[in-house]
Structures are given as structure tokens and as C-alpha cells.
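First comes the structure, then the notes that go with it.
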2 protein chains.
Amino acid sequence: MAGKKVLIVYAHQEPKSLNGSLKTIAVEELTKQGCSVTVSDLYEMQFEPRSTRKDIIGDLYNPEQFNYGVEAWEAFKNGCLSEDLIEEQRKVREADLVIFQFPLYWFSMPAIMKGWLDRVFVQGFAHNFPQCYETGLLKNKLALLSFTTGGDEGIYSDEGVSGNIRYLLWPMQHGIMHFCGLSILAPHICFAPEYASEEEREQMLTSWVERLKTIWEEEPIKCTAEWYYK
Amino acid sequence: MAGKKVLIVYAHQEPKSLNGSLKTIAVEELTKQGCSVTVSDLYEMQFEPRSTRKDIIGDLYNPEQFNYGVEAWEAFKNGCLSEDLIEEQRKVREADLVIFQFPLYWFSMPAIMKGWLDRVFVQGFAHNFPQCYETGLLKNKLALLSFTTGGDEGIYSDEGVSGNIRYLLWPMQHGIMHFCGLSILAPHICFAPEYASEEEREQMLTSWVERLKTIWEEEPIKCTAEWYYK
């Protein structure tokens, strides 16, 4: 939709991968709609995933005992977070929709993307107890997880060895996105592209573009335990 | 138990933290029992969490299109993984029990520990389809997640806003540990130490040591969906 701003947080090492193509066609389709699209290409940026002392510029709030959560919160309030974090927070603040594009690594995000969340979504910026969940600081924004899997769809079913795929969505969608107040659009999952034919992979790209055409009309999912564990 | 080997994968920036103390007293107690204990202190090691081309020494299997999973698998088979990964795999191979000691970050592990798993538990070493779950390559070893939370226990209950704590254990215990064949001991969780009194924190340390005294007699948990979502 014209005028909307989208941030794509993208974590794949290879531009020629399906993840790379999904990211590229999302940029194309959304730009065509008149959206303003920004991409944080984490591997290309060599984004730092580790939460350390280096994230705080200048003196610590408590130099005797380093507590990352407390220090990042204080640094946020005082404008003393490291440059890379301020820049990522700026992108999130401007965005109406944040799309996370990644290959599933161990039932979750690759470490480089987990580190982006560990370091960017600090207290004061994304939440500020009791401002969490419905009153989280990123309310009025949308989040969407778009990812590829190694295993096929059957593995991630109630009868499959890896259990219903919704089980692994809980920590990411509820524990991170919903906690910070984001409304969540249904995840977009491409199962086992490595075992798919060229035609099936093309179809995966086409489906994503088709979905994006009406993405602004979608209703967020109900983020209750029932959605995950009904 | 005398003769047993334990690896503690530890992720906290501050030695004086409760996580630091939990790690230290575990080393002391297990050593006292005659166990051989190794610690991978991830922040101290400045462990690299990002899965990149640098993990493969020499030529790639497919230089045209970089696929981390495929490349790491081939590199493992050919002894071409980077030194830091070979060293961590050696520690895992020797261990009877692997303890993960960390503060919960976003319903999961800190990125530095997630990256340890992304990079160390590669195909060929930890699993090799169809060798996963009951036949995963790390079978006959034990894993135990020992972590601290920000929120109190009530938040992580069926009625709490963050849902039953078992929901967030699923991706880590089932999706990673069980997938690789590890048997899982019940998690050890210290809720909200930041809001605890000095006496309560002391009690948390004492409870951990008490548990470790009989850790070798414990039965692994039943790693079925029912355990998590009953």
C-alpha cells in the first residue's frame, strides 16, 4: 500500500538461495505498491550477535557488576547505545511492518538474527514493564516470520517427529513479537526447498508475491496459547 | 560420579552474576565427585555465533552457491571445519553430560549460545538423517538446561501471560537436544534472581549443589509432546 514502510530483516549468507530470492521479490513487489522498503542484510552487514560491554558507549551504570539488560536500558535512555543499534532501532521505529526472512536453524532463527533481537529490542525501546504484550512499545506495528525449513511439512505436523510447527512459533511470535506489542501476521513457511523441484521453488516465489499483493488487508492472528496448542 | 566427564557451556558476561556462581559451584561440586569438568565460557572465548564461509577451511563443495548446512557437513567429513569448531566437537564427544548455563533471552538462549549450537552440532557430527531423535549421533549422552529468567514463576504458568515454561523448552530440548539423540535431564530454572533477596539467591545456589549431588541417579524426562503440552 502506497506510503507504508517495511523493514526486512534478512539472514542468509547466499544471495542465490531461496531466502535471497524471497527477500528480493518482496522488495520488488512492495516497492511496486509504493511502499518504502529497507533491508537489514545481517550477514552482509556482518551484524554483531553478541550482547557485550561494547554496546554501551562510555561509562557503565554499574561498573562493579555487568548486567546487560540494565546497562542497555540505561544506555537507551541516555542515548549511549552503540551506533549500529541506534540505526537498527531507527529502522524499526519507522516501519509499519517488519518481515523476518530466514532459514530455520534448530527450531528457531539463526544466531545472527537472534542476536539482532537480543541487542535491538532492548528495554525502553521495545518494552518497558509493565508495558508489554498488549501495551508493548512496538504496538501498531506488524511482524511476519517468513522462513524456510530443512524438513518437509509432514515432519512438522501433530503426527510428525518434530511436532506441530506452531509449537516452535511460540517463543518467536509470542515471546518476542507479541511481548513487544507487535501484531502478528500468519507466518509464511516454505517447507524443504532443498528437496523441491525447480518448478516447485518457482511456485514458492510466486505464492509469496501473491500473498504480498494483499498483505495490507490481512487480519493479524489471535496470539493466544490456543492458537499454538489447540 | 568419579570418572564421568561433564562439559558446561556457559554464556554470561559477568563472573559475579548468579549464572557465573551457578557455573562455578557446579564445577566445584562435580570436581569433588571425581568428575572431569570442562567449561566453554563463550563470552570469555569471544565465541563466534555467525555461521559463515569462514567455518570451512579451503575449497567449498559448491562454490557457485553457498549452502551452510551442506558445506559444514562436507567439511566435517573431510576434517576441514575451522579449529574452534573441531575443538568444541572434541569436548562434546568426550562428555557424558552437557550442561547449558545461561540467562533466558527472549524465551530462548542468548545468541552466542545459539550460535554455538548452530555451528558445533553440524550434520555428520550430531545427527545424520535418518539418524536423529532416538538414533541421533549424540545418544548415550545427557543434556541439562540450567537457566535464569527475568520474570517470576507465575508469569510462566498456564495462567501467566508468558504461558507454561515448558512451551519454550520445546525448541531447545526437543528440537535440538533430543533431535541429536541426547537424553534430557529436567531443566534447572532459577526464576527472577534479580528480584530475589540475598538469602533467596543463596538458596538458589544451595539447591543447585544439592541437585548435582545425586545428578547421576536421575532418570531423563520423557521427551514426548505430552510432556510439554499435556
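The values are calculated or read from the model by the stated rules, or taken from the named source; none is laboratory data. Just so you know, these numbers come straight off a predicted model, no measurement behind them. All Cβ positions, even for glycine, are placed from backbone atoms using ideal geometry, and neighbour counts span all protein chains on display.
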Task: Pairs, first within 19 Å of B:K54 (Cα to Cα) in the range B:88-115, second at pLDDT below 95, C-beta under 7 Å, six or more apart - done: none
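Run down A:Y61, A:Y105 and say which single residue is within 12 Å of another protein chain (Cβ to nearest Cβ) and either surrounded by 22 or more Cβ atoms within 10 Å (Cβ to Cβ) or not hydrophobic (A, V, I, L, M, F, W, C) (or both).
Working: A:Y61 fails: within 12 Å of another protein chain (Cβ to nearest Cβ).
A:Y105 is the lone residue from the list that is within 12 Å of another protein chain (Cβ to nearest Cβ) and either surrounded by 22 or more Cβ atoms within 10 Å (Cβ to Cβ) or not hydrophobic (A, V, I, L, M, F, W, C) (or both).
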- [ ] Select from the range A:161-184 the residues that are in contact with a helix residue (DSSP H, G or I) (Cβ under 7 Å, 6 or more places away or on another chain) and more than 10 Å from chain B (Cβ to nearest Cβ) and write down the one among them that is farthest from B:M172 (Cα to Cα).
- [x] A:G181
TODO: Determine which member of the set A:Y105, A:Y133 is closer than 30 Å to B:H12 by Cα, of a type outside the set (A, V, I, L, M, F, W, C) and out of contact with any strand residue (DSSP E or B) (no Cβ under 9 Å at 6 or more places or on another chain).
DONE: A:Y105
Open item on the list: For the range B:41-54, check the following and say yes or no: at least one residue is closer than 17 Å to B:R211 by Cα and in contact with a strand residue (DSSP E or B) (Cβ under 8 Å, 6 or more places away or on another chain).
Closed with: no
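Just checking: which of the helices (runs of 4 or more DSSP H) contained wholly in the range A:1-95 hold 2 or more residues that are at pLDDT 95 or above and basic (K, R)?
On the way: elements: A:18-32, A:68-77, A:83-94.
In the range A:1-95, the matching helices (runs of 4 or more DSSP H) lie at A:18-32, A:83-94.
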Task: Criterion (buried (at least 20 other Cβ atoms within 10 Å of the Cβ), within 14 Å of another protein chain (Cβ to nearest Cβ) and of a type in the set (D, E)) met by exactly one of B:E14, B:E71 - done: B:E71
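Please go through the range A:6-30 and give me each residue that is of a type outside the set (G, A, S) and within 15 Å of the chain's Cα centre (by Cα), ordered by number.
Filtering the range A:6-30 for residues of a type outside the set (G, A, S) gives A:6-10, A:12-16, A:18-19, A:22-25, A:27-30.
Selection gives A:V6, A:L7, A:I8, A:V9, A:Y10, A:H12, A:N19, A:L22, A:K23.
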TODO: Show the residue pairs that are 6+ apart or on different chains and have beta-carbon atoms under 6 Å apart, the first residue being within the range B:215-229 and within 14 Å of chain A (Cβ to nearest Cβ), the second being of a type in the set (K, R).
DONE: B:Y228/B:R166
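Determine which member of the set B:C180, B:C223 is at pLDDT below 95 and in contact with a strand residue (DSSP E or B) (Cβ under 8 Å, 6 or more places away or on another chain). Give the derivation first.
Details: B:C180 fails: at pLDDT below 95.
Just a single option satisfies the conditions, and that option is B:C223.
Does A:I57 qualify as being of a type outside the set (S, T, Y) and in contact with a Phe, Trp or Tyr (Cβ under 8 Å, 6 or more places away or on another chain)?
Working: of a type outside the set (S, T, Y): yes; in contact with a Phe, Trp or Tyr (Cβ under 8 Å, 6 or more places away or on another chain): no.
Spelling it out, it is not the case that A:I57 is of a type outside the set (S, T, Y) and in contact with a Phe, Trp or Tyr (Cβ under 8 Å, 6 or more places away or on another chain).
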Open item on the list: Filter the range A:133-160 down to the residues that are surrounded by fewer than 18 Cβ atoms within 10 Å (Cβ to Cβ) and more than 13 Å from every other protein chain (Cβ to nearest Cβ) and list them by number.
Closed with: A:K139, A:N140, A:E153, A:G154
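Which residue is nearest to the chain's Cα centre (by Cα), if the candidates are limited to the range A:144-183 and must be part of a helix (DSSP H, G or I) and in contact (Cβ under 8 Å) with a residue 60 or more places away in the chain?
Taking the range A:144-183 as the starting set, the residues that turn out to be part of a helix (DSSP H, G or I) are A:153-156, A:165-178.
Within this subset, residues satisfying the condition of being in contact (Cβ under 8 Å) with a residue 60 or more places away in the chain are A:166-168, A:171-172.
On the way: A:R166: 16, A:Y167: 17, A:L168: 14, A:P171: 12, A:M172: 8 Å.
Residue satisfying both the conditions and the ranking: A:M172.
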Task: Output for the range A:48-58, where each listed residue is surrounded by 15 or more Cβ atoms within 10 Å (Cβ to Cβ) and either more than 8 Å from every other protein chain (Cβ to nearest Cβ) or touching a Pro at 6+ places or on another chain (Cβ under 9 Å) (or both) - done: A:E48, A:P49, A:R50, A:S51, A:D55, A:I56
TODO: Could you tell me whether any residue of the range A:40-47 is under 18 Å from A:F125 (Cα atoms), out of contact with any Asp or Glu (no Cβ under 6 Å at 6 or more places or on another chain) and within 14 Å of chain B (Cβ to nearest Cβ)?
DONE: no
